[in-house]
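Structure first, then comments.
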Amino acid sequence: MALLETEGAKAIAAAIAIFGGAIGTGLAQAAIGASAIGVIGEKPEQATKLIIWLAIPETIIIFGFVVAALFIFL
């Protein structure tokens, strides 16, 4: 188990946390963005609500950053 307690393993775990969050955010925003453009084309008054829906997945990358920070500093 000494291998999992080294600084290199902590850095790899932090990188995986950030990478996973970034991939999840990208996939979510791709689907939401494509749908939002279609809706805005038909109902432009819905743009503000759809921009908020597009910003919500950004919390996923923030969670990944928090997990990465926990791996590095603890």
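Please verify whether F63 is at pLDDT 90 or above and exposed (fewer than 11 other Cβ atoms within 10 Å of the Cβ), treating the condition exactly as stated. Talk me through it step by step, then tell me what you get.
Working: at pLDDT 90 or above: yes; exposed (fewer than 11 other Cβ atoms within 10 Å of the Cβ): no.
For F63, the condition - at pLDDT 90 or above and exposed (fewer than 11 other Cβ atoms within 10 Å of the Cβ) - is not met.
Being touching a helix residue (DSSP H, G or I) at 6+ places or on another chain (Cβ under 6 Å), part of a helix (DSSP H, G or I) and hydrophobic (A, V, I, L, M, F, W, C) narrows it down to one residue among F19, F71, F65; which is it?
On the way: F19 fails: touching a helix residue (DSSP H, G or I) at 6+ places or on another chain (Cβ under 6 Å); F65 fails: touching a helix residue (DSSP H, G or I) at 6+ places or on another chain (Cβ under 6 Å).
Step by step, each of F19, F71, F65 is checked, and only F71 is touching a helix residue (DSSP H, G or I) at 6+ places or on another chain (Cβ under 6 Å), part of a helix (DSSP H, G or I) and hydrophobic (A, V, I, L, M, F, W, C).
Failed condition for A68, given (1) in contact (Cβ under 8 Å) with a residue 40 or more places away in the chain; (2) small (G, A, S); (3) loosely packed, with under 11 Cβ neighbours inside 10 Å, with all others met?
Checking A68 against (1) in contact (Cβ under 8 Å) with a residue 40 or more places away in the chain; (2) small (G, A, S); (3) loosely packed, with under 11 Cβ neighbours inside 10 Å, the one that fails is (3).
Report, by residue number, each residue of the range 14-27 that is surrounded by fewer than 16 Cβ atoms within 10 Å (Cβ to Cβ) and either touching a residue at least 60 places away in the same chain (Cβ under 8 Å) or small (G, A, S) (or both).
Scanning the range 14-27 gives A15, A22, G24, G26.
Go through the range 22-62 and report how many residues are in a helix (DSSP H, G or I), β-branched (V, I, T) and under 14 Å from the mean Cα position of the chain (by Cα).
Going through the range 22-62 one residue at a time, the tally reaches 7.
Looking at the structure I just gave you, is T59 touching a Ser or Thr at 6+ places or on another chain (Cβ under 9 Å), farther than 18 Å from G8 by Cα, of a type in the set (S, T, Y) and without any contact (Cβ under 8 Å) to a residue 60 or more places away in the chain? Give the derivation first.
Working: touching a Ser or Thr at 6+ places or on another chain (Cβ under 9 Å): yes; farther than 18 Å from G8 by Cα: yes; of a type in the set (S, T, Y): yes; without any contact (Cβ under 8 Å) to a residue 60 or more places away in the chain: yes.
Against the criterion (touching a Ser or Thr at 6+ places or on another chain (Cβ under 9 Å), farther than 18 Å from G8 by Cα, of a type in the set (S, T, Y) and without any contact (Cβ under 8 Å) to a residue 60 or more places away in the chain), T59 qualifies.
The values are calculated or read from the model by the stated rules, or taken from the named source; none is laboratory data. Predicted, not measured: the structure shown is a model, and the values here were computed from it. Glycine also receives a Cβ, built like all others from the backbone with ideal geometry; neighbour counts cover every protein chain displayed.
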